[in-house]
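**Q** Quick one: the structure is below, and I'll ask about it shortly.
The values are calculated or read from the model by the stated rules, or taken from the named source; none is laboratory data. Since this is a predicted model, take the numbers as computed values, not measurements. Here the Cβ is made from the backbone with ideal geometry for all residues, glycine too, and neighbour counts use every protein chain on show.
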Amino acid sequence: MIQETQSKVEEILEVGLWQGIKDFLNLGLRYGEGENSINITIGLLLLVTVVFLITGFVLKWLRILLTQRMEAEDKLKFVSVFKFIRYLVYVVVILLTMSAAGIDITLLLTASAALFVGLGLALQELFQDVIGGIFIIIDKSLHVGDIIEIDSKVGKVFEIKLRTTRAITRDDKVIIIPNHKFISDIIYNYTQNHKTTREQIKIGIAYGSDINLATKILETLAGGQKGILKSPKPFVIFEDFGDSALLFTLNFYTIDSFNVTRVKSEMRYKLDAEFRKNNISIPFPQRDVHIIQQKPFQHSNANNIEAK
């Protein structure tokens, strides 16, 4: 009998406690009646708060997971991306809360959809640039200090941002590259795998010249030139018999491909001087022009034309 009484008391307390909690959570503000009523309750506000906290925790966990192997500078770039995502999620949660409160958000969603479509079209390239920047940071396809070639311009990267990458060209001009170029266009990265690159100087010598002597001069000058690596050794390729010259290519390796134009210029000065000393001429294209003279113009023909 006592046990039955205790169980009934506990059941009443449990039901009463749960009912009290439900009543507390249902407290709030109510506007309107029927289907058009708006209910903002304590339970709804608590739910929104919990969702915000869970969303913030999940995004923070994802950010730590994705950026744990990144450098400090790249982490700061990613923080701004996650802030944007967090704000977007918060907007979605607020809209769902409004819907749960009984507010008709159909009109708002329709207007927002039209607005977002317009913004999407207007900011399409901006989104592509940001996505390209994220890919660059994640897959490490580009680093500060890399030497790249884009649109026939060579530049050294000195800053990578989420939307753009900045590089300085050989004539000390800054080129600003939208990041979507790195995922849609072909970009040459001279230093992707290592700092050493192979460069070349093209030269033509006159027919009848001593090609073995010319080859020796090319290899000797390249071996003593500052800025050209001794190993791997420079080498010469006899490319072709041209229209006006024998075509050679001097191939050499350097670790400073960004300033290699100066090395090539010094080499050309020395090659010209050495070739002159050894009577090896560098020809220029020559063409024979044949003038075909037609029948001389007669003065009598002009008189006949005027008479007519």
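**Q** Exactly one condition in (1) in a strand (DSSP E or B); (2) touching a residue at least 12 places away in the same chain (Cβ under 8 Å) is false for Val260; which is it?
**A** Status for Val260: all satisfied but (1).
**Q** Kindly list, by first and then second residue, each pair from a residue in the range 40-56 that is assigned by TED's automatic domain parsing to the domain that holds Ser99 to a residue that is among the hydroxyl-bearing types (Ser, Thr, Tyr) and at pLDDT below 80, limited to pairs with Cβ atoms under 6 Å and residues at least 6 apart or on different chains.
**A** Listed by first residue and then by second, the contacts come to Val48/Thr97.
**Q** Let me ask something else. If a residue has to be touching a Lys or Arg at 6+ places or on another chain (Cβ under 8 Å) and among the small types (Gly, Ala, Ser) to count, how many in the range 213-243 make the cut?
**A** Adding up the residues that qualify gives 2.
**Q** Here is a list of conditions, (1) closer than 27 Å to Phe258 by Cβ; (2) in contact (Cβ under 8 Å) with a residue 24 or more places away in the chain; (3) of a type outside the set (A, V, I, L, M, F, W, C), and Asp210 meets all of them except one; can you say which number that is?
**A** Asp210 satisfies every listed condition except (1).
**Q** Of everything in the range 255-281 that's surrounded by 15 or more Cβ atoms within 10 Å (Cβ to Cβ) and among the aliphatic types (A, V, I, L, M), which residue is farthest from the chain's Cα centre (by Cα)?
**A** Ile280
**Q** Does Glu219 fit the bill of being among the acidic types (Asp, Glu) and under 21 Å from Asn279 (Cβ atoms)?
**A** Values: among the acidic types (Asp, Glu): yes; under 21 Å from Asn279 (Cβ atoms): yes.
Yes: the conditions hold for Glu219.
**Q** Tell me, which strands (runs of 3 or more DSSP E) wholly within the range 186-254 include 1 or more residues that are surrounded by 13 or more Cβ atoms within 10 Å (Cβ to Cβ) and in contact with a Pro (Cβ under 8 Å, 6 or more places away or on another chain)?
**A** Details: elements: 197-205, 235-241, 246-254.
Strands (runs of 3 or more DSSP E) meeting the threshold: 197-205, 246-254.
**Q** So which pairs qualify, if the first residue must be in the range 149-173 and touching a residue at least 24 places away in the same chain (Cβ under 8 Å) and in a strand (DSSP E or B), the second must be surrounded by fewer than 15 Cβ atoms within 10 Å (Cβ to Cβ) and aromatic (Phe, Trp, Tyr), the Cβ gap must be under 7 Å, and the two must be at least 6 apart or on different chains?
**A** Taking only residues 6 or more apart or on different chains, the pairs are Glu149/Tyr188.
**Q** Condition first: at pLDDT below 75 and of a type in the set (Ser, Thr, Tyr). Can you find one or more residues in the range 82-89 that meet it?
**A** Yes, because at least one residue in the range 82-89 is at pLDDT below 75 and of a type in the set (Ser, Thr, Tyr).
**Q** Here's a follow-up. For the subset of the range 110-168 comprising residues that are modelled with pLDDT of 85 or more and among the basic types (Lys, Arg), which member is surrounded by the most Cβ atoms within 10 Å (Cβ to Cβ)?
**A** Selected residue: Lys156.
**Q** Criterion first (in contact with a helix residue (DSSP H, G or I) (Cβ under 6 Å, 6 or more places away or on another chain), of a type outside the set (Asp, Glu) and in contact (Cβ under 8 Å) with a residue 24 or more places away in the chain) does Thr215 satisfy it? It would help to see each step written out before you state the result.
**A** Working: in contact with a helix residue (DSSP H, G or I) (Cβ under 6 Å, 6 or more places away or on another chain): no; of a type outside the set (Asp, Glu): yes; in contact (Cβ under 8 Å) with a residue 24 or more places away in the chain: yes.
No, not satisfied.
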